[in-house]
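Read through the structure below, which is laid out as structure tokens, and then see the notes.
The values are calculated or read from the model by the stated rules, or taken from the named source; none is laboratory data. None of the values given here were measured: they were computed from a predicted structure. Ideal geometry is used to build each Cβ from the backbone, glycine not excepted, and the neighbour counts take in all protein chains shown. Calculation scope for accessible area: heavy atoms of the full protein, side chains included, ligands and nucleic acids excluded. Shrake-Rupley method; radii C 1.70, N 1.55, O 1.52, S 1.80 Å.
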Amino acid sequence: MDKETQQLFDRINKLWQRKENFINTKLSSMEKSVNSMADYLLSQLIKDYLGKFDTKGGKLLNNTHNMSLINQLERQFDDFEKTAAKLNLKYGQDMLKTTTFSKEYYAAFPGLAEKTIDSLGKNIGFIEQMIGIKGDKIIKGSFLDNLSEMSEVRDKVRGFVLSNVSGNNSYQSYLSGMKDMIRGTDETEGVLQKYYRQYAYDTFNNVDAAVNKQFAENVGFKYFIYHGSIIDTSRAFCRKRAGKVFSVKETLKWKNDPDLIGNAAGYVPLIERGRYNCRHSIKYISDELAFRLRPGLKAKAKVFKEATTTKEAEQWAVKNGLADKVNYNDLDLEVANKTNKQLKNLVDEYNVKIDEISFRQNMTIDDNIMEIKETRRAILEKGEVIGWQQHRVLNINRLFFDHPEYKGIIKEQFDAKWAYSESVEDMVTHEYGHVLTKKPTSDVSLRKFMYDSPGLNTLTRYGNHNYSEAVAELFLKYKKWGKKSLTEVEYDLLTKYIDLK
């Protein structure tokens, strides 16, 4: 490695380590806070609740009074939820700070405009939406709000109390068991610690991974180092990859690795890495650095090339298999390049191209900004129709993109929660969701999601426009922020319509 490359390598390592130290420090602090919170919960239960049980001969009585106390647990936890919410708010605010470290990291690479990096850092509004925080408040129904409710902890405590009361167990063993369950022992985690480890700690790293993925995609980085050391408890999946350079495309096959823990369905490698409690991270790097660290990559790389004219952009799109026919005439060149770049990412990942990219005749500036139109075309043989084939066209409203403030308009719509799209790339992803939709969006499960379930509250206003848009918006949400940004209902629904990668 030459001196210049070594200096860059050392520089980015230092910046990456600085960010990881920040995350680890915050997680360690949070873990201590969770332990203190467990002590507080136990003290409140003993003070305001546990002492109210009827006993006889040192045993809990299975009577109406004791059973009625179990229902009072909900009020106890409702009060405790306020304490949890304060911790979770601080936890969410710490998550937001990782963007600053990411900006510094990407700014270290030569050739990346500082203004672009700064603008990207300011406009990653999805982090707030993903974790559910706005200013100094937690958004109702968001991830952090649900985390504060601690439904699993409530269920376990309620079940423990019920089994002890109905079993006429001794009050002393009941009290001892409650302490062990809440605080934990030398051998086992307390119920709160386990809950936060399962739902919160990984989220911090996954939010950071989503931020980095967004930066990398916008600056065009397609390679990364699987960053992190090997320790005794490292999984075989991570041992094979630690310290090595990979392309983003290569991660498509990681779900087939027998050493990947858990169900491969829905696995998002660039966000989840080695899955639960994984210590490793995805450290994106420039093409130049990737090719120096792993020379064999350059030979098989199909690097996106930014066109200098719309005609060149058309030719590049056809040559690289994005569509059979492309017409970018009169389209803003920057939009053409961004469309090509994002479509290449998606076609590389899903191997489904679009038949045609064009524009709709007689459109106005108020028509759809982008749209997928599907028609049937006859298959002819010797002048006779022998069948029909689907023909998909991506129409782009060039009149809208002629507007000097089009970026601001898109951003305003995103901030107003009209749609998840906050860039040209997002719009392309949304429309590609229509392309991947494998069956008509008209079955009972989608109607139930739209009108009879909490799904209506999780979608954007545009997603509520019709069934097809609901699926496309969920696909965009999944691609931007990963599986954990979707509710269980959303994810199950999306996989019915699109074969996710």
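Of note:
- Cross-link reach is defined here as a Cα-Cα straight distance under 12 Å, omitting same-chain residues fewer than 8 places apart; for residue 249 the aspartates and glutamates meeting it are 348, 349.
- Exceeding the 32 Å Cα-Cα cut-off - candidates 283/311; 325/496; 156/417; 298/479: 283/311; 156/417
- Taken over the stretch 163-238, the alpha-carbon convex hull comes to 148 cubic angstrom per residue.
- Given a 1.4 Å probe and the protein chains as shown, residue 412 ends up with an accessible area of around 130 Å².
- Short to long, the 5 Å bins of the Cα pair-distance histogram for the stretch 16-167 hold 1, 8, 14, 14, 14, 11, 9, 7, 6, 5, 4, 3, 2, 1, 0, 0 percent of all pairs.
- Whichever aspartates and glutamates have a C-alpha closer than 19 Å to that of residue 47, once near sequence neighbours (fewer than 8 apart) are set aside: 39, 74, 78, 79, 81, 180
- 17 Å cut-off, amide nitrogen to a point 7 angstrom out along residue 29 Cα→Cβ, residues in the stretch 179-202: 201
- Taking θ as phi - 60° and the Karplus parameters 6.51, -1.76 and 1.60, the scalar couplings of the stretch 192-202 work out to 5, 4, 5, 5, 5, 5, 6, 10, 10, 4, 5 Hz in sequence order, x denoting glycine and proline.
- Calculated Cα extents along the principal axes in Å (choose from [x] 94, 60, 44; [y] 135, 48, 42; [z] 67, 54, 40), label: [x]
- For the stretch 255-330, alpha-carbon Rg relative to the globular expectation (2.2 N^0.38 Å, N residues): 1.61
- In the complete set of protein chains, residue-level accessible area for residue 54 is approximately 60 Å², probe 1.4 angstrom.
- Straight-line cross-link reach from residue 90 at under 14 Å between alpha-carbon atoms covers these aspartates and glutamates, not counting any fewer than eight positions away in the same chain: 31, 128, 136, 145.
- The stretch 253-373 - percent relative contact order, Cα under 8 Å, separation 6 or more: 16 percent
- C-alpha center-to-center spacing [the stretch 120-196, the stretch 209-285] in angstrom: 29 Å
- Global form of the stretch 182-277, assessed from the alpha-carbon gyration tensor, a/c cut-off 1.5: prolate
- Between amide H atoms placed 1.01 Å from N, distances below 5 Å from residue 285 occur with 223, 224, 225, all of them 5 or more places distant or on a separate chain.
- DSSP-loop trypsin sites (Lys or Arg not before Pro) across the stretch 292-366, with at most 15 other Cβ within 10 angstrom: 302, 305, 360
- Cα shape, the stretch 297-358, gyration tensor, a/c 1.5 rule: oblate
- Across the chain, Cα pairs under 8 Å and at least six residues apart give a relative contact order of 11 percent.
- Accessible-area value, residue 333, 1.4 Å probe, nucleic acids and ligands omitted, Å²: 60 Å²
- Rounded to whole numbers, the Karplus 3J(HN,Hα) couplings from phi for the stretch 469-484 are 5, 4, 5, 5, 5, 5, 5, 4, 4, 5, 5, 6, 10, x, 4, 5 Hz, using 6.51 cos²θ - 1.76 cosθ + 1.60 with θ = phi - 60°, and x at Gly and Pro.
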